[in-house]
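Enquirer: Sharing a structure with you now.
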Amino acid sequence: MRRALVVLALLLVPQLALAQAKRTIVIDAGHGGMDPGGTGNNMLEKTIVLDVSKRFKSLLDADTADTAGGGNWTARLTRSDDTFVGLSDRAAYSNSIGADRFMSIHANAFSDPAANGTETFSFSSTGTGAQLRNTVQAEMIAAWGLTNRGNKTANFAVLRETAAPAILHELSFITNKTDATHLASPTERQKAAVAHLRAIQKHFGITPYVPGGGNPPPADTGDIAGHVVDAAGPIEGATVVLDTGEQATTDADGAFAFSGVMPGTRVATAGAPGHVSRMVDVAVAAGAQAQADITLELDTTPPPNPPGEESGCAATSGNGGAVLFLALGLVALARRRRGR
């Protein structure tokens, strides 16, 4: 009997160590100091994203201290005040402390105030970074319910040069009046921080838990089934996201399903390329299946961003130096020709 207990203990030790492993998360508040980032609606991007980043860090610290949760984190900021930090320096800092994940937070901007919505980038379309990107995007769409601009890839310096799996998230457009109401609200900023907390928890297989409250009591769960259609019929490949963060993709019949959903009024957001996203309320009861059929309308408006101008955070791309160098070269060439 004693030998069996010893063997069992030896088997459990690695599992306990895995569950208690402390992960280092670097939170990168975009821009700062002499670089304000995007501006619009009487706001500066650098101020907004620093506030959200500090709220996110506080949640990670609280989750570590709260034994009711499952998270164990070392949270670090690339900047904790209004100072300028170079793009390569941000990546170098993350690399120097052996970060497990790198999460950069920004707010978008564009010359056309109609541009709106939320999007998240990774360096590659596959792998761990892309998986984290998808989860952050799903959580933010569930939290703010803005236009889902999707999961994307980009050659941003902080994504390219960071050794850890990395994402860059654009909260919404500071230049759009509707988006800006979320960026300006302390309540909505806290929701964004919670969405990032839930995303990193889910990413590491931890049951989402908000320290200090906001967690529903244990209950039996229900299911959701439905279809996404438009005027032409079923939509294959549409994305459906619940406010709890779960995500599903429709099949050839436009069908989707969720199981193990917490009871209550859930919000399902459906989106598909070329269509206007739509949110619907779904009443979920324990031990029952709720039906949610969602009809989308075609998006007849032209895309707000011309090709090559996807992100308003040009400073994150690391290409500004090359553009400046080219411009100076053209000026020098023009002067030389005038001197001939």
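Enquirer: Within segment 95-130, count every residue that is of a type in the set (G, A, S) and touching a residue at least 40 places away in the same chain (Cβ under 8 Å).
Expert: Summing the residues that are of a type in the set (G, A, S) and touching a residue at least 40 places away in the same chain (Cβ under 8 Å) in segment 95-130 gives 10.
Enquirer: Something else about it: From G86, G69, grab the single residue that is touching a residue at least 12 places away in the same chain (Cβ under 8 Å) and over 15 Å from the mean Cα position of the chain (by Cα). Break it down into steps so the answer makes sense when it comes.
Expert: Working: G86 fails: touching a residue at least 12 places away in the same chain (Cβ under 8 Å).
Only one candidate passes the filter, namely G69.
Enquirer: Quickly run through segment 249-278 and pick out the residues that are touching a residue at least 40 places away in the same chain (Cβ under 8 Å) and more than 20 Å from P208 (Cβ to Cβ).
Expert: A270, G271, A272, H275, S277
Enquirer: Turning to a different aspect of this structure: So which of I174, I167 ends up being modelled with pLDDT of 95 or more, farther than 27 Å from T128 by Cβ and crowded, with 23+ Cβ neighbours inside 10 Å?
Expert: Testing whether each residue is modelled with pLDDT of 95 or more, farther than 27 Å from T128 by Cβ and crowded, with 23+ Cβ neighbours inside 10 Å leaves just I174.
The values are calculated or read from the model by the stated rules, or taken from the named source; none is laboratory data. Everything numeric in this text was worked out from a predicted model, so none of it was measured. FYI the Cβ positions are ideal-geometry reconstructions off the backbone, even for glycines, and counts take in every protein chain you see.
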